[in-house]
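Q: Encoded as structure tokens, here's the structure I'll be asking about.
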Amino acid sequence: MAKLSKKENAILEAILNDPFISQAKIATDLNLARSTIAVQISQLIDKGHLAGRGYILPKSQKVVCIGGIAFNRKYSLRTPPVLGTSNPAISTKSYGGVIRNIAENMARMDVDVCLISIIGNDESGKELRSQIRNLGVDTSQISISNDKPTAEYIAIFDDKNELVMGIASMDILDQITPSLIEESWSSIRSSDWVILDCNLPKETIEKILEIKENANFMVAVDTVSVSKAKRLPSNLSQIDILFTNKDEAISVLGLDDNLKTYKLDEITTQLRSTGAKGVVLTDGPNGHLVNIGNEAFTSPAISSNVKNVSGAGDAFVAGFISTIRSGSTVREASNMGAALSALTVESHLDVRQDLNNKLLSEYLISKKIIKEHL
Ligand SMILES: Nc1ncnc2c1ncn2[C@@H]1O[C@H](COP(=O)(O)OP(=O)(O)OP(=O)(O)O)[C@@H](O)[C@H]1O
Ligand SMILES: [Mg+2]
């Protein structure tokens, strides 16, 4: 949060000592006019140090994740696909949406997370919400649509495990409008980091970035896909860290994607010149490139026994942000992003169900990324 003036600090301290103190009493104690106290208190609310009138103190600093939640169903056909008729299949379900995956990874690392999104008034929505709530995520800001079902992604694989068709039913996510976000304004304001995914409508992304101009939280964005990356504005100056891959970055910059000759560092430099304060460009098994503030370096991926690459990017963001927000260096955050994504590709699922801080630190030690404390 932003630094406070001497006056603001003194008032905040008075409220922390006695949350029921009157404005008149603070004014007398600090030898200031009551009207001054009222103004200063509104500023403390604006800066996110107080959650509202009545001096409600904000909860401990948290990460607010805003974006898409989806119910995934995978159908594996038992026999070669035949169109126009019924095909026998085995089905499995999982929970998805880039921001949901990021939130789940962070919650499993004991980060205080609030998830802002939307579900339908249906069983899959309730299941998604209770699963993430049971992990400790604040789900109070997840809205329920009156007229659209929960977002769904259906993937059909043939008997050789090749994708036959993917079906994305995601219209509900267009209902995460700027006015819906305004209802969650006090949660957003009192956070230290806000992570957005580009499943959000363009106007909503713009609104959050506009609000950020006068607020004190940091913003990270995940571009999600080539088509959704186009929803970002041309000026990225309100973004502290943009997480993207090469194809998505080319899409953000509106470059001709037939020219695949762009080098990763050139793309990153171009993204920085559009205003982004930091860029992390991930490149699958080749690793990633970091360009944040005055630091620029590349880092290889951690060699892994790959079982499923899906969810690697989401895990990377979760590992990176949970580390940088705790005051660690950019290099440490980059190592953690690589480690969590490597652990994720070693699992069959998009989010590791056995993830916790102990597993992570043992992995970092085993890969010689950190030394064991003696
Ligand atoms: N095969 C792999 N082996 C080891 N690490 C990997 C592998 N694939 C991805 N990673 C790790 O995950 C990070 C992110 O992967 P990637 O660049 O594929 O993200 P993405 O394109 O956002 O994918 P998605 O969003 O589908 O997860 C990489 O920088 C790397 O550290
Ligand atoms: Mg990704």
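The values are calculated or read from the model by the stated rules, or taken from the named source; none is laboratory data. Remember, predicted model here, so these are calculated numbers, not experimental data. When we count neighbours, we look across all protein chains shown, and the Cβ atoms used for this are built from the backbone with ideal geometry, even at glycine. What goes into the accessible areas is simple: the full protein's heavy atoms, side chains included, and nothing from ligands, DNA or RNA. Shrake-Rupley method; radii C 1.70, N 1.55, O 1.52, S 1.80 Å.
Q: Residues in region 282-300 that are closer than 21 Å to ASP192 by Cα and at pLDDT below 95: how many?
A: Qualifying residue count for the region: 1.
Q: If you go through region 66-106 one residue at a time, how many are among the charged types (D, E, K, R) and not in a strand (DSSP E or B)? Step through it out loud before you land on a result.
A: In the first step, residues of region 66-106 are kept if they are among the charged types (D, E, K, R); the result is 73-74, 78, 93, 100, 104.
Applying the additional criterion that residues be not in a strand (DSSP E or B) yields 78, 100, 104.
Count: 3.
Q: Oh, and also: Search region 182-193 for residues that are without any contact (Cβ under 8 Å) to a residue 40 or more places away in the chain and pair each with any residue that is in a strand (DSSP E or B) when their beta-carbon atoms are under 9 Å apart and the residues are at least 6 apart or on different chains.
A: Hits for this filter: zero, empty list.
Q: Residues in region 207-230: is at least one at pLDDT 95 or above, open to solvent by less than 40 Å² (accessible area, probe 1.4 Å), touching a Lys or Arg at 6+ places or on another chain (Cβ under 8 Å) and among the polar types (S, T, N, Q)?
A: no
Q: Right, another one. Here are ILE167, ILE119, ILE154: which of them is under 22 Å from CYS198 (Cβ atoms) and under 19 Å from the mean Cα position of the chain (by Cα)? Reasoning before the result, please.
A: On the way: ILE167 fails: under 19 Å from the mean Cα position of the chain (by Cα); ILE154 fails: under 19 Å from the mean Cα position of the chain (by Cα).
None of the other options fit; the residue is ILE119.
Q: Here's another thing I want to ask about it. For region 198-233, enumerate the residues that are of a type in the set (S, T, N, Q) and away from ligand 2 (no atom under 16 Å from the Cβ).
A: THR204, ASN214, ASN216 - these are the residues of region 198-233 that are of a type in the set (S, T, N, Q) and away from ligand 2 (no atom under 16 Å from the Cβ).
Q: Which count do you get for residues in region 324-334 that are open to solvent by 50 Å² or more (accessible area, probe 1.4 Å) and farther than 20 Å from ALA103 by Cβ? Give the derivation first.
A: Let us first name the residues in region 324-334 that are open to solvent by 50 Å² or more (accessible area, probe 1.4 Å), namely 325-327, 329, 331-332.
Now drop any that are not farther than 20 Å from ALA103 by Cβ, which leaves 327, 329, 331-332.
Adding up the residues that qualify gives 4.
Q: Take LYS228 and tell me if it is assigned to a helix (DSSP H, G or I), out of contact with any Ser or Thr (no Cβ under 8 Å at 6 or more places or on another chain), touching a residue at least 12 places away in the same chain (Cβ under 8 Å) and within 16 Å of ligand 1 (Cβ to nearest atom). Can you show your working first?
A: Numbers: assigned to a helix (DSSP H, G or I): yes; out of contact with any Ser or Thr (no Cβ under 8 Å at 6 or more places or on another chain): yes; touching a residue at least 12 places away in the same chain (Cβ under 8 Å): yes; within 16 Å of ligand 1 (Cβ to nearest atom): yes.
In short, yes.
Q: All but one of (1) within 11 Å of ligand 1 (Cβ to nearest atom); (2) out of contact with any Leu (no Cβ under 9 Å at 6 or more places or on another chain) hold for THR244; which doesn't?
A: (2)
Q: Kindly indicate whether any position in region 123-144 is assigned to a loop (DSSP other than H, G, I, E, B), more than 28 Å from PRO80 (Cα to Cα) and hydroxyl-bearing (Ser, Thr, Tyr).
A: yes
Q: Kindly indicate whether SER303 is more than 11 Å from ligand 1 (Cβ to nearest atom), at pLDDT below 95 and not acidic (Asp, Glu).
A: Working: more than 11 Å from ligand 1 (Cβ to nearest atom): no; at pLDDT below 95: yes; not acidic (Asp, Glu): yes.
In short, no.
Conditions tested, residue by residue: (1) within 15 Å of ligand 1 (Cβ to nearest atom); (2) at negative phi; (3) buried (at least 21 other Cβ atoms within 10 Å of the Cβ).
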{"site": "ILE321", "(1), (2), (3)": "yes, yes, yes"}
{"site": "ALA338", "(1), (2), (3)": "yes, yes, yes"}
{"site": "GLU346", "(1), (2), (3)": "yes, yes, no"}
{"site": "LYS358", "(1), (2), (3)": "no, yes, no"}
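Q: Assuming GLU162 fulfils every condition listed in (1) within 19 Å of the chain's Cα centre (by Cα); (2) charged (D, E, K, R); (3) modelled with pLDDT under 95 apart from one, which condition is it?
A: So the condition that GLU162 fails would be (1).
Q: How many of the residues in region 346-364 are in a loop (DSSP other than H, G, I, E, B), without any contact (Cβ under 8 Å) to a residue 24 or more places away in the chain and of a type in the set (Lys, Arg)?
A: At the first step, the residues of region 346-364 found to be in a loop (DSSP other than H, G, I, E, B) are 346-356.
When the remaining residues are screened for being without any contact (Cβ under 8 Å) to a residue 24 or more places away in the chain, the result is 353-354.
Checking the rest, the ones that are also of a type in the set (Lys, Arg) come to none.
So the answer is 0.
Per-residue answers, yes or no, for (1) more than 20 Å from the chain's Cα centre (by Cα); (2) open to solvent by 10 Å² or more (accessible area, probe 1.4 Å):
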{"position": "ILE250", "(1), (2)": "yes, no"}
{"position": "THR261", "(1), (2)": "yes, yes"}
{"position": "LEU271", "(1), (2)": "no, no"}
{"position": "GLY278", "(1), (2)": "no, no"}
{"position": "PRO285", "(1), (2)": "yes, yes"}
{"position": "ASN291", "(1), (2)": "no, yes"}
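Q: If you don't mind, there's one more thing I want to ask. If we scan region 189-201, do we find a residue that is among the basic types (Lys, Arg), open to solvent by 40 Å² or more (accessible area, probe 1.4 Å), more than 19 Å from the chain's Cα centre (by Cα) and outside the structural domain of LEU50 (by TED's automatic domain parsing)? Walk me through it before giving the result.
A: The first filter runs over region 189-201 and keeps only residues among the basic types (Lys, Arg), leaving 189.
Next, only the ones that are open to solvent by 40 Å² or more (accessible area, probe 1.4 Å) stay: 189.
Next, from what is left, pick out any that are more than 19 Å from the chain's Cα centre (by Cα): none.
Scanning region 189-201, I find no residue that is among the basic types (Lys, Arg), open to solvent by 40 Å² or more (accessible area, probe 1.4 Å), more than 19 Å from the chain's Cα centre (by Cα) and outside the structural domain of LEU50 (by TED's automatic domain parsing), so the answer is no.
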